[in-house]
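Written out below as structure tokens is the structure these notes cover.
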Amino acid sequence: MTIDNTIPSQLINSQVKLALQEDIGQQDLTADLIPPDAIATATIITRENSTLCGQKWVEQVFEQLDPNISIKWSFADGDQMLANDVICTLHGLANSLTTGITL
């Protein structure tokens, strides 16, 4: 018997929407300090050996904030990572990156 342990995308979408509402509400004051047209690249790394989990949530955060943010994953959910491995690199508007990464 095969067990389907995938999380429905509707649930992920609603969880991310709630988290964004709770964290930033109508406005992210920190991101507002950044010029609205500033472009940046952000790298997310791991600080210790770990297993990647939650890729779909990260993707949904940036989809809801700014669908023009690009994400280049170095690993997939379930992959083992070592300390200081690059998990992913994001590129796009700096204020969107700031909001999403601090969530």
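The values are calculated or read from the model by the stated rules, or taken from the named source; none is laboratory data. For clarity, every value in this text was computed on a predicted model and none was experimentally measured. In this analysis, Cβ positions are derived from the backbone assuming ideal geometry, glycine residues included, and neighbour counts consider all displayed protein chains.
Observations on the structure shown:
- Test for ASN49: is it out of contact with any Gly (no Cβ under 9 Å at 6 or more places or on another chain), over 25 Å from GLN10 (Cα atoms) and modelled with pLDDT under 95: no
- Check on GLY100, within 12 Å of the chain's Cα centre (by Cα) and at positive phi: no
- Residue within the stretch 18-41 that is modelled with pLDDT of 95 or more, of a type in the set (Val, Ile, Thr) and buried (at least 17 other Cβ atoms within 10 Å of the Cβ) present: no
- Taking the stretch 45-71 as the range and being assigned to a loop (DSSP other than H, G, I, E, B) and buried (at least 18 other Cβ atoms within 10 Å of the Cβ) as the test, the residues that pass are LEU52, ILE69.
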